[in-house]
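What follows is a set of notes on a single structure, which appears directly below.
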Amino acid sequence: MQRLTNKQIILGITGGIAAYKSAELTRLLKGAGADVRVVMTPSATEFITPLTLQALSGNPVHLHLLDADAEAGMGHIELAKWADLVLIAPASANFMARLASGHGDDLLTTLCLATEAPICLAPAMNQAMWRDSGTQDNVNLLKSRDVTLFGPGSGEQACGDTGPGRMLEPEQIAMLSAEQFESGSLSGKTVFITAGPTREPLDPVRYISNHSSGKMGYALAEAAVEAGAKVKLISGPVNLPAPARMERISVESAEDMLTASLQDLNLCDIFIAAAAVADYRPTAVSEHKIKKGTEEIMELHLVKNPDIVATVATHPSNPFTVGFAAETRDVLEYARGKLDRKKLDLIIANDVSRSDIGFNSDENAVTIVSKTTAESLPQASKRQLATRLIARIAEQYNAEK
Ligand code: C5P
């Protein structure tokens, strides 16, 4: 189950015997693809050690509100912003009371006040405490504030009683957590995206390249992550920071880009070639800087670069493959030719003769071309367009699977 790919979950643990199950819950959330940060109340540490949860989550465990070292790392406000979901399991009667009355007197309650992420509680307590009218008032108050309750279940309790108040099993909590996220159109899929220009060296200080900014490829990578995909961004040299929640592999030449693209291709579901790959490279790279000569004309010998997207599309483990066609005239006709020649599933055509869209601009307008259809998307920011393109690519991919 990879239903939580890229999701950032704060697992709050409060004091109760069911805290031992939080270790298994951490493991399950991680296994479903989530990045988990554990926050414990002081009484939770009486039931299970922070070290166990640190080892299972792979992240430091957060314990105190007023800890200068911890705040210097990831403080309570940063943690609150980081979370896509705050899950508290087990949630004790005392914690629910403090949350209901708006307390912010420890790290976990403060974080709940500060976060805009959904909050889910898995209550765990003795059946009489659960039935108590004070607890029930708190439950109703929390529900009215859009806090979601998972359970509690009913059955035999650690204290020997039988009745409602048992924490749900970790598997159920992990499943309910995954359901909190609208299932993304690329949930659990792996997407490789090439972006930016390539640099083809002539000598140690010179190269042949182009003006591609990488913005479109980077926006597509972000949109694919938003749609739930695991993304490998294979990027030529650009002036863009490495985006969060994905793996970025930096390359220089077309040959490097091809190597990075073919690596683990069997794991790739969708390949999107947004890079502006140099068509040719110098036949030889001079070991030393080429000196200025007396001749007026200098000849360069170039050799064709491998076509990365065509190599991927015709590979034995070929994924659903999407290319770009940047044209200055007869855009649709050339795009269709490329779709056919390179054996692509989709091609995204854009007119780069216009200076208001394309290469270095923040906006773009494109036509998505398949073997049988052509759909124009109106001019929009590269970010907005990327979201629409990813939605269309996912639709077509899912229809063909
Ligand atoms: O043939 P042309 O360069 O116009 O094709 C553009 C499409 O092919 C883009 O998707 C680009 O990323 C990809 N391409 C490639 N390897 C090349 C040349 C282009 O992957 N050597």
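The values are calculated or read from the model by the stated rules, or taken from the named source; none is laboratory data. Please read all numbers here as calculations on a predicted model, not as lab measurements. Note that we place each Cβ from the backbone using ideal geometry, even for glycine, and neighbour counts take in every protein chain shown. Calculation scope for accessible area: heavy atoms of the full protein, side chains included, ligands and nucleic acids excluded. Shrake-Rupley method; radii C 1.70, N 1.55, O 1.52, S 1.80 Å.
Taking 0.36 nm per residue of sequence separation and subtracting the Cα-Cα distance, how much length would be gained by fully extending the chain between R145 and D356, in nm to one decimal?
Here the segment from R145 to D356 would lengthen by 71.3 nm.
Can you tell me the 0 to 90 degree angle between the C-alpha axis of helix 170-179 and the longest principal axis of the chain, rounded to 10?
50
Please list L300, L11 from largest to smallest accessible area, probe radius 1.4 Å, with all protein chains kept in place.
Values: L300 85, L11 0 Å².
My answer, sorted largest first, is L300, L11.
Within the chain, what's the longest run with no GluC sites (Glu not before Pro) in a DSSP loop and at most 16 other beta-carbon atoms within 10 Å? Give the range, please.
1-115
Going through region 189-251, which trypsin sites (Lys or Arg not before Pro) have at most 16 other Cβ atoms within 10 Å and a DSSP loop state? Present the calculation step by step, with values, prior to reporting the outcome.
Values: sites: K189, R199, R206, K215, K230, K232, R245, R248; in loops: K189, R199, R245.
Counting only loop positions with at most 16 other Cβ atoms within 10 Å, the trypsin sites (Lys or Arg not before Pro) in region 189-251 are R245.
In a Gaussian network model over the chain where Cα atoms closer than 10 Å are linked, find which of I249, I348, I173 has the largest mean-square fluctuation.
Comparing I249, I348, I173 in the GNM, the peak value goes to I249.
Angle check, please: helix 215-226 long axis (alpha carbons) against the longest principal axis of the chain (alpha carbons), in degrees 0 to 90, nearest 10.
The two axes meet at around 30 degrees.
Do any trypsin sites (Lys or Arg not before Pro) in region 82-178 lie in a loop, going by DSSP, with at most 12 other beta-carbon atoms within 10 Å of their beta carbon, and if so which? Before the final figure, lay out the partial values.
On the way: sites: R98, R131, K143, R145, R166; in loops: R145.
Answer by residue number: R145.
Find out how many positive minus negative residues lie around S353, taking Lys and Arg as positive, Asp and Glu as negative, among other residues whose Cβ is under 12 Å from that of S353. Could you put the intermediate results ahead of the total?
Numbers: positive: R329, R354; negative: E327, D330, D351, D356.
Computed value for this residue: -2.
Using only alpha-carbon positions, what ratio does the radius of gyration of the chain give when scaled by 2.2 N^0.38 Å?
Numbers: Rg = 26.8 Å, N = 401, 2.2 N^0.38 = 21.5 Å.
Taking the Cα Rg and dividing by 2.2 N^0.38 Å, one obtains 1.25.
For region 2-179, place one equal point scatterer on every Cα, skip the solvent, and apply the Debye formula. What is log10 of I(q)/I(0) at q = 0.09, 0.11, 0.19 Å⁻¹?
Log10 I(q)/I(0), no solvent term: -0.27, -0.41, -1.31.
For E78 and T314, FRET efficiency with R0 = 41 Å and r from the beta-carbon atoms, rounded to 0.05?
Values: r = 46 Å, r/R0 = 1.13.
That gives a FRET efficiency of 0.35.
In the chain, what percent of the accessible surface is made up of carbon and sulfur (1.4 Å probe, ligands and nucleic acids excluded)? Walk me through the numbers on the way to the answer.
Details: 9680 of 19410 Å².
C and S atoms contribute 50 percent here.
Which of M96, M74, M40 ends up with the largest GNM mean-square fluctuation for the chain, with Cα atoms connected below 10 Å?
Its mean-square fluctuation being the largest, the pick is M74.
In the full protein assembly as shown, how much of Y280 is accessible to a 1.4 Å probe, in Å² to the nearest 10?
100
Taking a 1.4 Å probe, which of F181, F95 shows the most accessible area, and what order do the others take after it? Let's see the in-between values first.
On the way: F181 35, F95 0 Å².
So the residues, ranked largest to smallest area, are F181, F95.
How much of the DSSP beta bridge set in the chain is antiparallel, as a percent to the nearest 5? Provide the component values of the computation, followed by the final result.
On the way: 19 of 61 bridges.
The answer is about 30 percent antiparallel.
Net charge within 12 Å of A55 by Cβ-Cβ distance, Lys/Arg positive one each and Asp/Glu negative one each, not counting A55 itself? Don't skip to the end; give the middle numbers.
Working: positive: R27, K30; negative: none.
That works out to +2.
Only helical DSSP H runs with n ≥ 4 go in: add -39500 (n - 2.57) per run for the chain, normalise by residue count and round the 222 nm mean residue ellipticity to 500 deg cm²/dmol.
Working: 14 runs with 133 residues, N = 401.
Value at 222 nm, helices only, nearest 500: -9500 deg cm²/dmol.
Keeping all protein chains in the complex and leaving out DNA, RNA and ligands, what accessible area do you get for V36 with a 1.4 Å probe, in Å² to the nearest 10?
0
Can you sort S361, S154 by solvent-accessible area, 1.4 Å probe, largest first?
Greatest to least solvent exposure: S154, S361.
Any idea what the dipole of the chain comes to, in debye rounded to 20, about its Cα centre with Lys/Arg Cβ at +1 and Asp/Glu Cβ at -1?
On the way: 38 positive and 48 negative charges, 119 e Å.
Taking the Cα centre of the chain as origin, the dipole is about 580 debye.
I'd like the accessible area for V277, computed on protein heavy atoms only with a 1.4 Å probe and all protein chains in place. Round to 10 Å², please.
About 50 Å², rounded to the nearest 10.
Helix 21-31 versus the longest principal axis of the chain: what angle, 0 to 90°, nearest 10, using Cα atoms?
10
Quick check for you: with a 1.4 Å probe and neighbouring chains kept, what is the accessible area per residue of the chain, in Å²?
Values: 19410 Å² over 401 residues.
Computed with neighbouring chains in place, this is 48 Å² per residue.
Of K343, K292, K382, which has the largest mean-square fluctuation in a 10 Å C-alpha GNM of the chain?
Maximum fluctuation in the GNM of the chain, among the listed residues, is at K292.
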